[in-house]
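Participant: Below is a structure I'd like to ask you about.
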Amino acid sequence: MTSSQRGLTRRQFGAGLASLVTVAATTASSEAALRTIDTHAHVFHRGLKLAPGRRYAPDYDAPLSLYLEQLDRNGMTNGVLVQPSFLGTDNSYLVACLKEARGRLRGIAVVDPAVSADELRTLDRAGIVGIRLNLVGQPLPDLAAGEWKTLLAGVKSMGWQVEVQRNSSDLAVLAPQFLDHGVTVVLDHYALPDSKLGVADPGFQSVLKLGTSRNVWVKISAPYRNGAAGEDFANAAYPLLRNAYGLDRLLWGSDWPHTQFEASQAYEKNRRFLDTLIIDQSERAQVLASPYQLFRF
């Protein structure tokens, strides 16, 4: 074989490899675009052991089978199960549900700050992709403490996220501290501004500025948790969040089964509200698909 023939072969090989990469990227992009992902739901039943000091305990069952029915009925391809605060750090039912769902779902766990690296790795293999801190009514964590620094280093190393539920005024201070640890941050339920102030809440305005980090996501979920005028607030908040974060940093969640709001809420109602919140179909499709990589589907 001459040198020119070898050169031609290398060029052909390079062109072929580039073509394969392009096809793979296009296929992955198309697959992601077809996804419709519910990023916030809970499953539980009354036989599970409840955490001490819980603020709430449901008197009904919300099993995996019923949640999967909700996904199917509403045209959702995938879902994310968030460990309920009333179950504490026992994630065994969550893990069992992820296994039963065979890859359709991902999970967000609740862990003790002193959790071992081995346990985190075990959760990771089970389909857990982050930890949740429901800090409503709780003292703010000292992220400079040794156990928190170790935990967040573990979260970062696995590419997990830290999902936080707290009022906007505290998130404006807390979220940058998480970012300083190099972790991805997800803020629950529109970042929960003061229900009387809505988008005028200075804390919410500060949360909008976090969009420039490109490492913070916001869930446009459960508008009813933002006061009696929650839908009005959501309609005012959405364009501000879209402009501050971009469509690829907004996440939709059903918040099923709407704990403490069961009498007034339903999966279908919240899914329909999304259609009125984001009228443009392509925008809505992007928001529903954007969790594809973040939750490692």
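The numbers here are math on the coordinates, done by the rules we state, and not lab data. Because the structure is a prediction, the values reported are computed rather than measured. Here Cβ is always computed from backbone atoms with ideal geometry, including for glycine, and neighbour counts include all displayed protein chains.
Participant: If you build the Cα gyration tensor of the stretch 83-231 and take the root of 5 times each eigenvalue, what three semi-axes come out, in whole angstrom, biggest first?
Facilitator: The answer is 26, 18, 13 Å, longest axis first.
Participant: Placing +1 at every Lys and Arg Cβ and -1 at every Asp and Glu Cβ, with all other atoms neutral, what dipole size does the chain have around its Cα centre, in debye to the nearest 20?
Facilitator: The dipole of the chain has a size of about 1000 debye.
Participant: Let me ask something else. Quick one: divide the alpha-carbon radius of gyration of the stretch 149-210 by 2.2 N^0.38 Å and tell me what you get.
Facilitator: Against the compact-globule rule of thumb, the ratio is 1.18.
Participant: Quick one: the Cα spread of the chain along its three principal axes, in angstroms, biggest first?
Facilitator: 78, 45, 40
Participant: Could you name the lysines in cross-link range of Lys99, using Cα to Cα under 26 Å and dropping any fewer than eight places away on the same chain?
Facilitator: Answer for Lys99, where 26 Å is the Cα cut-off: Lys49, Lys156, Lys219, listed by chain and number.
Participant: Looking at the chain as a GNM with Cα springs under 10 Å, which of Leu250, Leu152, Leu197 has the largest mean-square fluctuation?
Facilitator: Leu197
Participant: Here is a further query. Using a Gaussian network model of the chain with C-alpha springs under 10 Å, which one of Asn235, Asn167, Asn243 is most mobile by mean-square fluctuation?
Facilitator: Asn243
Participant: Something else: Taking Cα atoms of the stretch 144-261, Rg/Rh with Kirkwood Rh, to two decimals?
Facilitator: Details: Rg = 14.2 Å, Rh = 14.5 Å.
Radius of gyration over Kirkwood radius for the stretch 144-261 works out to 0.98.
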